[in-house]
Structures are given as C-alpha cells and as structure tokens.
Amino acid sequence: MSDNLLSLKNVSKEYSGNRVLKDINIELKKGEIHALIGENGAGKSTLMNILFGMPVIHTTGGFEGSIEIEGKEANIKSPHDAMSYGIGMVHQEFMLIPGFTITENIKLNREITKPNLVSSIFGKRLETLDVKKMNEDARKALDILDMDIDEFLPVAGLPVGHMQFIEIAREIDKTGIKILVFDEPTAVLTEAEAKNLLNAIKKLSQQGIGIIFISHRLDEIIDVADRVTVLRDGEHIVTKDVKDTNKYEIAQLMVGRKVNLDSREGTNKNVVDETILRIKDFFVAMPGENVKGVDLEVKKGEIVGIGGLAGQGKLGLANGLMGIYPAKGEVEFNGEKLPLNNPKAAIKSGLAFVSEDRKGIGLLLDESIENNIVFSAMQINEDFLTHLGPIKIKNSSKIREHANKMIKDLDIRCTSSMQKVGRLSGGNQQKVCLARALTLNPTLLLVSEPTRGIDIGAKKLVLDLLKHLNNEYGMTIIMTSSELAELRSICDRIVIICEGKVEGVLPPDAPDAEFGLMMSGSRHTEGSEE
Amino acid sequence: MNNTNITERLKTTKASTWVADNIVSLIFVAFTLFGFLVSDGVTMNFFLTELSSRFFRNAFLVLSLVIPVVAGLGLNFGIVVGAMAGQIAIAIIRFFELGGVMGLFLTMALAFPIAALFGYFTGVLYNKTRGQEMIASLIVGYFANGLYQFLFLFVVGVIIKVPSNHPMIKPDGVGVRMTVDLVPVKDGGLKYALDKIWEIPFMWAILLIFACILLLQIWKIYKNKKNPTLYRYNKTMVLINIILSIVMIGISIHAITTNSSLMMVRKVPVVTGLFIVALCIFNELILKTKLGQDFRSVGQSQHIAEVSGIDVDKTRIIATIMSTVLASWGQIMYLQNMGTLNTYGAHTQIGMFSVASLLVGGASTQKAGVKHAIIGTLLFNSMFIMSPEIGLSLFGNALLGEYFRTFMVYGVIGLALGLHVWRANKNSEITLD
C-alpha cells in the first residue's frame, strides 16, 4: 500500500531466549495519529527502540521482521539513521540542557554557523554561531506550536509543559520530519497543559506528519487518535479504528486475563474486623513515584494488594511508610501513631519491608546469607548479641542456627549460610530478603514487587510463601506489584493507585475492564457519565 | 505563555543567592582590607607595585583554566603538565643559548607541540576517569612530575650527552642544576624578554584599561538599543562599571597631571598585558563558535550531548589540549618574569595557586569565565602580599603570615569545593514540595 508512511512487518525480538515481541504488524498513514497502548512490559518501549535503531537492540542480536518507510525497506541501525529517515521522538524524560536558552536547546548540535577568518584555516568547527538565524528558526518552530514564549530565555525554571513543547519544537525544526513518536507525553503535564499538547499533536498531524502516540490515558486516546493498537505481553492483540471502539473495550484488551496462577479459593478466614493500619491524607516524595494524598485502612490478617501503572505512586506508599523517602500525613499503626521519616521507629513498631530495590537497599551483596538475614534484627532489636558490659558481640552460633532454620523453612538454595548473597539467583535473593523481614517478627509485612526479575518457578514459590505466612501465622501483608495477575492470585482486595491517589478498591475477581479503566484513571469520568 | 512571570522569577532567584555565590571573593576582600587596617607599614605604592607584577606574571596561567571548566572537566590541576612542557622548552632554548624576543617566541613555538601531546594524553586519561577528572588531574600532575625529574636528573647527561661545563648542567655532567639563570634579555637571554619590549607607567595603564572598560559598556548599551532582545545586559552591573571607570579615570588623570606618588609605581609590561587581553578575547570568542557551543553542551550534560550526536570524548580532549598549551605559554611568561628557572620546583605549585585564584574570583567547578580569572588573580595576590604584613603586625613575625598563605590557599579550595557540593546536595534533596 503506497499511502503507508511506515509499516512494521512481522517484527519480533528476543532477549537471550526470552521473546518480548511476537509478530507485530503496525501501519502508519500520513497524517494519522496512531495510539499504542499496553501495560508496563507489554513491549512498547522495545518496539520504539527497534524503530530508533537503539544500540540495545543491535548489541543483543538485532530483531526479526522488516520496517518499511514510504513503501521502501528501511535499514535502521542507529539513532542517527532513524533521524535521517525522518523519525523523531519526544522523550518521556526531557533531553534539554537547563542552562541553555530555548534556541540553543532547539538547535542543539544543529547550530547554524557562518565562516570567519579563523575557521577558513582551522576548519568548520571554529565557525561562528549565527545566533540571529538560530533564533529565527526557533521562533518559526515555536510559532507552529502557538508558543508565544521568548526563544532566548533559559530553559531552567520553565514549567514542565513548556519544556515538553520545546522538545517538540526541536523535532519540528529538524528538516524532513515525517514520523513523530510521543512517549507518554502527558504523564507529567497538568490538565490544561495536556490539552494544549493534544491540540498541537492534532495540528501536526494535519500537516501530514504521522504520529505514534504512546499513552495509558484512555480518554486522550479516544480524543485524539485515529487508530489504536493494543499490545499485551509482547503480542499484537488488535488494531482498531478509534471510532469503532470505546475505552471500556480498550481497557479490557489491555489487561486481559493472563497466567492463571491458581486463584484464591474462598474468602480469607484470618481477617479480623480490627483495623491494624489507618493511613490518612498521606503524601510521599519519592522521585517518579509520588504519593499525593492517600487514605487507606488495612484490617488485621488481610493481604492487601497495591496495583497501578509505573510512575503512579504505588511504590511510594510502602517506601513512605518505612521512612525511606520524605512523607507526611497521619498514620496509625496498631492503635498508635506511627512516627514518619524515621526508618528505625517504623521497624521497631512492627513493620517490616521487602524493598523493590533488592540490590540497592534490600541486600548487602558482598555479605553472607546469615549476616543479611540477621542484620536488621541485630541493628534494631539487638537480637543475636551477647552483652559484655558496654561491648556488644555478635552471637555467631545463634545466628548460624537461625540462618539455617530460615534457609530450610524458605527453601533457599545455597551452598551454605556463609555464601555471599551476590552469588545467589534472583529468586533466592528475594527469599533472603523475606527471611530478614521475618526475623524482625513483624506484625505487618510490606512487600514491594516481590517477583520482579525472578523466573516463573521462583515466582510461584515466593507467592506461596506469602500466602503460607498469612494462613499459618495470620500475618497482615501489603503487597505492591506491577503484575496484576499475581495480585489477583493471592490478595483479598486490590487497591489501585493512580496519579498518587487511591483510584479505587476492587475484589480480585472483578472483571478485567474494571482494572484496566481504574489503572488508566478513566473511571471518574465514566462514573460521571452514568 | 506568560513571559513576564518567568523573567521575574529568574531575577529573584539571582538576587537572593548573590552573597552565597560570592562568599569566597568577599572573604578575600575583607582579608585584604583587614591587612590595610592592622599594618601601617604597607604603602599604596608598595602594594600596587607588587600586585601589578604578580598579576602580569600569573594571569595567563589562571585564564588557561577557563575552557576546561566550561567543557565540564572541572578545575584542571593538570595545567602542571603544561607548565612542565613550557619548562622543557625553556630548558632546550637555554641550553642552546638562544634568547631575546625571538628566542622567547621560539620557546613558545617549541612548547606548543610538547604541550599538545601531553594535553592529548591527559585528555584521554580524563575520558577514562569520567566523573573524577579533578582528582585525576591532581594525580597526573604528581605522576608527570616523576617523569619530569627522571628526564632532567637522569636522561639529560646519561642518555642525552651534554657537556659538563655548560652553566645549566650539574658539575658532574649528569642532570640539570636546581636553579638555572635565564640571563637578562639585554645579555641575549630570556629574562624580561617579553616584559621589556615596551613598558608604560602604571597610571597610564590604569587610564587605558578603564577607558577600554568604559567604551565596552557604552558599546553594550548601544547594541542593546539597536536590538534589545538579542543583546541583553545587567543594568546594575553596567552602571557600577561605568561609575567605577569614571572614578578610576579621574584618579589616574589626577595622578598623571600632578605627578603624585602613584606615578612611582613600577612600570607595566604592555606586551605581556596584550597577551593576557588576547587570551581573554580568545576565551570569549571561542564560546561563540560551534566548538565553543559543543564545549558548553558537553559541560552541561554529557548524556544529552551524546544523544544529540556530539563527539563528547573528542570535544573533551580538545578542551584539555587547549588548556595545556595555554598553560605552557603561561608558564613561559611566568618564568621570563622571574628570571630564574627553579628546575624542580617552579611548576609544582602552579596548579594549586591558579585554581585557588580562579575560585577566589567567584568561579566554581561548573562555572568560570574571564571575569572570574581576572578578579580572582587580583584578589588572590592581594592576599599573598598582605598576609606577611598581617603576620608581622599581629604576631610580630612575618613567617606566621606565610602560614596564613598556605592556610588560605588550601582553605579556599576546600571551602569553594565544599560550598559547591553542599549547594548541589541541597538542590537535589527530595522534599515534599
């Protein structure tokens, strides 16, 4: 078909035997806005990396299938190739230099120069910058976007919305831009800014530029896109005309029902009608995962799942409770007020945390398994210590005994309790983390992304372990995870966090579309329409 | 979309941090004024004579530090390597007993390839030690010093045969003497080769310099009137500069016409001054070229520069080479003024003192300009002149003033770096707002 600006044909990609993309076919027409939607890990970024010839693709064995641009096969081996084919990208994180003016940023490494005396001897690099012409070009690009901001102002201190527009202006300013990719462009914008941006996108498409619009906000997709492609687990689920579908259907397609980890049978007998944790008006400043006013109550003996898309603040909740990032609000735990911003007090009061950042703050990789297991308990509760007057000495035999018991109970595969944690596999490392948390004898266990980066077999073991702890000892668990399927398999109820707030609470057996709509924050508008 | 709001906000942030930004400079001004207060032995004449000769000796070296800072390499203590290249060139020229003005220019020409080579290797090292350039530059200076000593103490004489009766060779025929006399220019040597070309009285120089500054301010205003958006300037700074220039011009005209005691201040070397002015202009102009823009891009964010297709490594190497070559010339100018080559000691302190000067001028590891280099050289050397006087009048011992110097040099580097880190940490601190 000749009117296709870009077509991806049977594109597949494997990372060391793990198929992350399977036979993707996408066609983009001139002036079309094509939305791409999928959960985290659905393969959107891999697909875009392929389109841009990112080194990460070519150092891991390239990809299968072909890319055609205007009917001709394109061979994109580097970002530079992509640029020369007329593919531009507006990055999610801004590629702007704060100390430079708007013009300098728009013209970065594409500065207009004029020859001078020195440059005629020493070459092009010593040519003088033609600031006047650069400003004119920048002005032109900004005018296309209806930006009446002065082009010679520094970027530092501008609102994020403006920065986003400067990024777009840079892409427009590149000559021969044909395809423009927007990667979650509205994620960081306020509502009014987002509206401006969507208008600009529409305007650009009217000029014949093909636009790939990656977003998880269903309303926006319905609003601007002509067609929508849904990816799930690296598979091309469907491509539909937006006018033939609705957000309910898209949400359902996006979430789907995945691996059926044996779903929870019956209700949890352990749940007591006693609130163990009461969170009120809770704010956490965790970069990229800000929590902006959460109210939540957790009952004793419950497994509560915290779900939501990346960057919406679900991870911030547990980190804020533990005092790892600055937090404010009212938290009542076990009938007492929980001091915030104080990790030691949080642990002392009976909270234990298995962090999502296993290698960063979860484990001491160069230390032995036994030291890792008892470390927190030793530090906080002064367990495993022998007191000799003012001197405290590690009680090695007690530590060894406890570590061996944990290794047996949790089935940690290792050579001995003295093995270094860094040598263990991801799943076993996660079990060491759990063992350490359990050594603290917590009343409430916070677990974040417990199955991230571990294989399927180990995943099941970890989840079974959590379930076992809940069933046998009645331990209350708050589990945060990006994988909805695993939350649905063990949790009593699932709290969906969107834009730093509680979007809603669902039972694990709620329909897929409910989850999809909540995760993309579209439920409010849905409700108001009814 | 609302422009005025943004410009206003930018202004307020600037005003509130002025003192914090210039704290190091302010300490030095206070120190010098304090020196004048407590010591009665220092005359204005003595002070200005010392200051001007020290300024013309050191300014070029300090200016050679500007480009690496702009290119994001931080404070290049590695100019020591450039200084060594300059000294090698001087030793060669001295050995063949060439001299005079032509001899001096020959020295500079000879130093160029040596320094460029050294600069290249230093630059490659900086690329390998990304993020730790300053420590690497400090260590590379010590390492190079070892090679330098090997060259001058062993290679000269053992591998390169030299006559043992040459005045710069040690009597046993191996190695270069501790101090080498560079021979005054009138006897065909290098001493004062540049300085003595043309000298004018100090107050005439002041008159000229401030007349130039005044013209520059008027030029700025004129440009701004013609195109207010493209050529912007800081109104208060321009006003201060104009008033200062007029006052200084008045003082110098008064001194010249009444032939006051200020006319007794030592004469000023014009050609050396022109070299310094040329380097100032070079530092400014290079930033207006594509290469200069690349320096700035790389300096601000290596990652973004890389993504935009700039060859980051190459750009950083070019910056290092430029700095090293300029430092070698600076060292040659320094030594022709000293008149003796302290073979094993002349270069060792250059890095520390130049870096301290630049920092005193208000520069940081990420921001430096010609202005900082010039002001810093003046303030730093004022401190140098005043500290023995303070020691003498406060403790009755000039030697204690010497300790002050050392204390101030390292203290200022520590303070400036500490402040920088403190501010960076403060900026990156995560808060709920």
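What angle do you read, to the nearest 10 degrees and between 0 and 90, between the alpha-carbon axis of helix A:160-173 and the longest principal axis of chain A?
Taking the Cα atoms of chain A, the angle to A:160-173 is about 40 degrees.
Calculate, in whole percent, how much of the Cα-Cα pair population of segment B:151-260 lies beyond 24 Å. Don't jump to the answer; show the numbers that get you there.
On the way: 3601 of 5995 pairs.
Distances greater than 24 Å cover 60 percent of the Cα pairs.
Placing unit charges on C-beta atoms (Lys and Arg positive, Asp and Glu negative, everything else neutral), compute the dipole magnitude of the protein assembly as shown about its Cα centre in debye, rounded to 20.
Taking the Cα centre of the protein assembly as shown as origin, the dipole is about 3140 debye.
Give me the percent of DSSP beta bridges within the protein assembly as shown that run antiparallel, rounded to the nearest 5. If you can, show how the numbers build up before the last one.
Working: 57 of 94 bridges.
The antiparallel proportion sits near 60 percent.
So how much slack lies between A:GLU191 and A:GLU68, counting 0.36 nm per residue of separation and subtracting their Cα-Cα distance, in nm?
Values: separation 123, 0.36 × 123 = 44.28 nm, distance 3.60 nm.
Gain in length upon complete extension: 40.7 nm.
Provide, in order from the shortest bin, the percent of all Cα-Cα pairs of segment A:1-116 in each 5 Å bin, continuing until the bin that contains the maximum pair distance.
Result, from short to long distances: 2, 9, 17, 21, 17, 13, 10, 6, 3, 1, 0, 0 percent.
Less than 9 Å Cβ to Cβ from A:ARG452, Lys/Arg counted +1 and Asp/Glu -1: what total charge do the surrounding residues give?
On the way: positive: A:ARG358; negative: A:GLU356, A:GLU449, A:GLU483.
It works out to a net charge of -2.
Given a Förster radius of 41 Å and the C-beta distance between A:VAL238 and A:ASP464 as r, what FRET efficiency does 1/(1 + (r/R0)^6) yield to the nearest 0.05?
0.75
Helices from chain B with mean Kyte-Doolittle at least -1.0 and a Cα length along the axis of 18 Å or more, per DSSP H: which?
B:23-38, B:44-63, B:79-95, B:100-128, B:133-150, B:202-226, B:235-258, B:270-286, B:312-338, B:370-395, B:398-428
Counting pairs of alpha carbon atoms under 8 Å apart in space and at least six apart in sequence, what relative contact order in percent does chain B give?
31
When a footprinting reagent is the concern and you count Cβ atoms within 10 Å, what order do A:MET254, B:MET237 take, fewest first?
B:MET237, A:MET254
For chain A, what is the percent of antiparallel DSSP beta bridges, rounded to the nearest 5?
About 60 percent, rounded to the nearest 5.
State the extension gain, in nm to one decimal, for the chain segment bounded by B:VAL158 and B:LYS186, taking 0.36 nm per residue of separation less the distance between their alpha-carbons.
Using 0.36 nm per residue and subtracting the Cα-Cα distance, I get 6.8 nm.
Could you work out the relative contact order of chain A? I mean the mean sequence separation of Cα pairs under 8 Å and 6+ apart, divided by the number of residues, in percent.
The value is 15 percent.
What full-extension length gain, to one decimal in nm, is calculated for A:ARG19 and A:LYS203 as 0.36 nm per residue of separation minus the Cα-Cα distance?
62.5 nm
Just to confirm the filter: which chymotrypsin sites (Phe, Trp or Tyr not before Pro) across segment B:207-256 are DSSP coil and have at most 14 other Cβ within 10 angstrom of their Cβ?
On the way: sites: B:PHE210, B:TRP219, B:TYR222, B:TYR231, B:TYR233; in loops: B:TYR231, B:TYR233.
Listed in order of number, the matching sites are B:TYR233.
With charges set only on the Cβ (+1 for Lys and Arg, -1 for Asp and Glu), what does the dipole of chain A come to about its Cα centre, in debye to the nearest 20?
That gives a dipole near 1680 debye.
What percent do you get for the relative contact order of segment A:1-106 when only Cα pairs under 8 Å and 6+ apart count? Numbers along the way, then the final one.
Numbers: 139 pairs, mean separation 29.9, N = 106.
Averaging sequence separation for qualifying contacts and normalising by length gives 28 percent for segment A:1-106.
Quick check: pseudo-label points 7 Å beyond the Cα along Cα→Cβ at B:CYS212 and A:HIS387, how many nm apart are they?
Inter-label distance under the simple model: 7.6 nm.
Which FRET efficiency value, to the nearest 0.05, is calculated for B:ILE243 and B:THR17 with the Förster distance at 30 angstrom and r the Cβ-Cβ distance?
0.80
For a quick check of your reading of the filter: which trypsin sites (Lys or Arg not before Pro) in segment A:296-340 sit in a DSSP loop and have no more than 11 other Cβ atoms within 10 Å?
Working: sites: A:LYS299, A:LYS300, A:LYS314, A:LYS328, A:LYS337; in loops: A:LYS300.
Of the trypsin sites (Lys or Arg not before Pro), not one in the loops of segment A:296-340 has a Cβ with at most 11 other Cβ atoms within 10 Å.
Sort B:SER393, A:SER120 so the one with the fewest other Cβ atoms within 10 Å of its own Cβ comes first.
Lowest to highest Cβ neighbour count: A:SER120, B:SER393.
What residues of segment A:283-313 lie in the reach of a label at B:HIS303, counting those whose backbone N is under 16 Å from a point 7 Å from the Cα along Cα→Cβ?
A:287-289
What's the whole-number percent of alpha carbon pairs in segment A:184-261 lying beyond 22 angstrom?
Values: 899 of 3003 pairs.
Looking at segment A:184-261, the distances longer than 22 Å represent 30 percent of pairs.
What is the average number of partner chain Cβ atoms found within 10 Å of a Cβ in A:94-107?
Per-residue shielding by partner chains comes out at 3.
List the chymotrypsin sites (Phe, Trp or Tyr not before Pro) within segment B:62-125 that DSSP assigns to loop and that have no more than 12 neighbouring Cβ atoms inside 10 Å.
B:PHE96
Chain A: D in µm²/s via Stokes-Einstein (Kirkwood Rh, Cα pairs, 10 °C, 1.306 mPa s)?
Roughly 61 µm²/s, to the nearest whole number.
Values quoted throughout were computed directly from the atomic coordinates according to the rules given, and no laboratory measurement underlies them. A quick note: this is a predicted structure, and the numbers were derived from the prediction, not measured. Heads up, the Cβs are rebuilt from the backbone with ideal geometry, glycines too, and the neighbour counts pull from every protein chain shown.
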